[in-house]
Amino acid sequence: MVAQSADKMRALALKLFEINAFKFGDFKMKVGINSPVYFDLRVIVSYPDVMQTVSDLLVEHIKEKELTARHVCGVPYTALPLATIVSLQQGTPMLVRRKEAKAYGTKKLVEGIFNAGDTCLIVEDVVTSGSSILETVHDLQSEGIVVTDAVVVVNREQGGVANISKHGVRMHSLFTLSFLLNTLHEAGRIEKSTVEAVAKYIAAVQINSDGSFVGGGDKADVVKVNDLQRSKLTYESRANLAKSAVAKRLFNLMASKQTNLCLAADLTRADEILDIAEKCGPHICLLKTHVDIVEDFSEGFITSLQALAKRHNFLLMEDRKFADIGHTVSLQYGKGIYKISSWADLVTAHTLPGRSILQGLKAALTEGDVAKERGVFLLSEMSASGNLIDDKYKESSNKIATEGADVDFVAGVVCQSSDAFAFPGLLQLTPGVKIDESVDQLGQQYQTPEHVVKERGADIGVVGRGILKAANPEQAAQTYRDRLWAAYKDRVGK
């Protein structure tokens with residue numbers, strides 16, 4: 001029975017990672033500091049099987065620990081559905097604690113039928129400092145309810161147990177962060193370096209219930225101990241964190257070929273594109289096309305381009321910037337004379353239509369391996385001066401890229417700044433790279449290779465006219481490759 005329970009726990013840990021219930025990177029926490037690991041158990045409400053498993057294990061844990069109480073109460077809001085299922089499975093009456101009292105009616109802060117002196121078991125999803133549990137304890141105790149125990153899904157091991165115990169409440173957790181990390185590492189989902197980076201952070205950042213740090217220190221000290229900021233990680237390390245198969249492939253390609261250069265082959269004749277691909281192919285990781293400007297497009301052109309990509313080991317990206325409703329996008333991607341989904345490893349798309357843009361693109365893919373070898377870069381920012389994208393749009397784009405059931409299709413984000421997203425499993429593609437900084441007559445703003453990589457956070461720099469207009473395009477491509485790669489090595493070296 002114990003072995004079965006352990007197997008169930010390990011399987012659940014892997015499932016939670018698979019559905020993005022926790023991720024690695026550089027995330028802002030409720031207590032106001034950044035963390036290399038982030039839990040978002042709200043997503044489990046979209047996975048009934050996961051919800052049921054978590055609830056079953058909580059009930060088993062409650063029985064194992066012999067925790068008895070007259071009521072159960074979930075910490076608002078993520079733990080409420082978990083507490084509801086626990087209440088139903090155990091036949092234990094539930095109490096609902098509001099975050100703020102109603103301004104009308106009875107103006108209650110705690111809903112349910114109870115008497116002073118009744119006992120209550122608290123249910124919580126994730127505990128860092130324990131402040132949320134203590135807030136719930138305070139409100140329940142103000143109504144005369146006795147709280148001695150709390151059961152939680154994940155203990156981040158950052159002081160919560162000690163902080164809560166000071167108030168006479170024992171905490172019992174299904175998972176510790178250490179268990180989750182070791183499970184993922186044993187299953188080959190994360191590298192040993194990731195385990196060590198998080199362990200280093202946890203040891204250095206212990207938090208009091210008021211949000212202050214145990215032993216003093218400030219937020220600047222926390223930044224120094226987070227080794228999972230994406231700008232610090234190598235491409236090889238980040239490949240292991242990627243959810244997208246094509247992102248993993250591109251990360252590893254970049255590392256082995258030692259290039260983070262994308263060539264924007266914005267030319268109008270097929271032979272010109274093939275010629276530039278032949279000359280520059282050895283120096284690039286990605287070739288970006290605009291097939292709708294190719295005046296003599298043909299299937300033969302695509303066949304030749306694919307052959308060059310295979311010979312020189314680079315991926316193909318069609319910069320289509322899809323932006324229509326899902327059904328139309330699906331047709332634009334898979335049908336018509338270009339049949340983009342049949343040959344482009346990657347495409348670009350605006351997030352303006354919302355999540356349906358991902359669903360539309362995925363709908364165009366046929367069943368089988370091709371679906372695993374395709375991906376999208378979502379546009380979060382643009383390099384054109386005067387563009388209308390604002391911070392709210394950027395934030396919404398980040399959520400689409402990192403949350404939901406379609407994140408396995410997102411390879412990265414097209415953006416101009418390092419704060420556009422935190423998840424290191426995504427690639428930052430930054431256009432507008434040119435050795436001589438300038439602005440063209442149509443508003444395109446250019447930045448140096450060093451600036452986009454070290455200051456802007458680019459993983460891949462996109463170069464077009466800096467190579468296409470050069471007297472020797474092959475030599476120019478090599479120069480850009482060398483400078484972009486040196487900037488990356490300097491960035492991760494620091």
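The values are calculated or read from the model by the stated rules, or taken from the named source; none is laboratory data. Because the structure is predicted, anything quoted here is derived from the model rather than measured. Neighbour counts are summed over all protein chains in view; Cβ atoms, including those assigned to glycine, are modelled from backbone coordinates with ideal geometry. To get the accessible areas, we keep the full protein, side chains included, count just its heavy atoms, and leave off ligands, DNA and RNA. Shrake-Rupley method; radii C 1.70, N 1.55, O 1.52, S 1.80 Å.
For the reader, a short list of remarks on this structure follows.
- Failed condition for K310, given (1) within 22 Å of N260 (Cβ to Cβ); (2) touching a residue at least 12 places away in the same chain (Cβ under 8 Å): (2)
- Tally of residues being over 18 Å from I340 (Cβ atoms) and touching a Phe, Trp or Tyr at 6+ places or on another chain (Cβ under 7 Å) across the range 249-273: 7
- Taking first residues from the range 20-33 that are within 22 Å of D210 (Cα to Cα) and partners that are among the aromatic types (F, W, Y) and modelled with pLDDT of 90 or more, the Cβ contacts under 7 Å between residues at least 6 apart in sequence or on separate chains come to F27/Y38.
- Sole residue being touching a residue at least 60 places away in the same chain (Cβ under 8 Å) and surrounded by 16 or more Cβ atoms within 10 Å (Cβ to Cβ), chosen from L346, L378: L346
- Residues of the range 402-424 classified as touching a Phe, Trp or Tyr at 6+ places or on another chain (Cβ under 7 Å), in contact (Cβ under 8 Å) with a residue 40 or more places away in the chain and open to solvent by less than 20 Å² (accessible area, probe 1.4 Å), total: 5
- Members of the range 380-396 that are touching a Cys at 6+ places or on another chain (Cβ under 8 Å) and under 26 Å from R42 (Cβ atoms): S380, K394
- For the range 257-278, filtering for residues that are more than 14 Å from G464 (Cα to Cα), surrounded by 24 or more Cβ atoms within 10 Å (Cβ to Cβ) and among the hydrophobic types (A, V, I, L, M, F, W, C) leaves 0.
- Scan the range 116-132 for residues that are within 27 Å of the chain's Cα centre (by Cα) and either open to solvent by 30 Å² or more (accessible area, probe 1.4 Å) or on the phi < 0 side of the Ramachandran plot (or both) and the total you get is 9.
- Here A384 does not qualify as of a type outside the set (D, E, K, R), open to solvent by 60 Å² or more (accessible area, probe 1.4 Å) and either closer than 25 Å to V246 by Cα or touching a residue at least 40 places away in the same chain (Cβ under 8 Å) (or both).
- For first residues located in the range 263-281 and among the polar types (S, T, N, Q), partners that are part of a strand (DSSP E or B) and lie 6+ apart or on another chain with Cβ distances below 6 Å do not occur.
- Neighbours by Cβ (under 9 Å, 6+ apart or cross-chain): first from the range 316-328, more than 20 Å from L267 (Cα to Cα) and at pLDDT 95 or above; second open to solvent by less than 20 Å² (accessible area, probe 1.4 Å) and assigned to a loop (DSSP other than H, G, I, E, B): A323/T351
- Residue, farthest from L427 (Cα to Cα), within the range 306-336, restricted to residues that are open to solvent by less than 50 Å² (accessible area, probe 1.4 Å) and of a type in the set (V, I, T): T328
- Beta carbons closer than 7 Å, at least 6 apart along the sequence or on distinct chains, pair a first residue in the range 188-217 that is over 23 Å from A162 (Cβ atoms) with a second that is outside any strand (DSSP E or B) and among the small types (G, A, S) for E191/S237; S193/S237.
- So Y77, is it closer than 30 Å to F27 by Cα and either modelled with pLDDT under 95 or among the hydrophobic types (A, V, I, L, M, F, W, C) (or both): yes
- One residue stands out in the range 456-493 among those that are charged (D, E, K, R) and in contact (Cβ under 8 Å) with a residue 12 or more places away in the chain: the one that is most open to solvent (accessible area, probe 1.4 Å), namely R465.
- In the set (1) of a type outside the set (V, I, T); (2) touching an Asp or Glu at 6+ places or on another chain (Cβ under 8 Å); (3) over 28 Å from T68 (Cβ atoms); (4) open to solvent by 50 Å² or more (accessible area, probe 1.4 Å), the condition left unmet by R170 is number (3).
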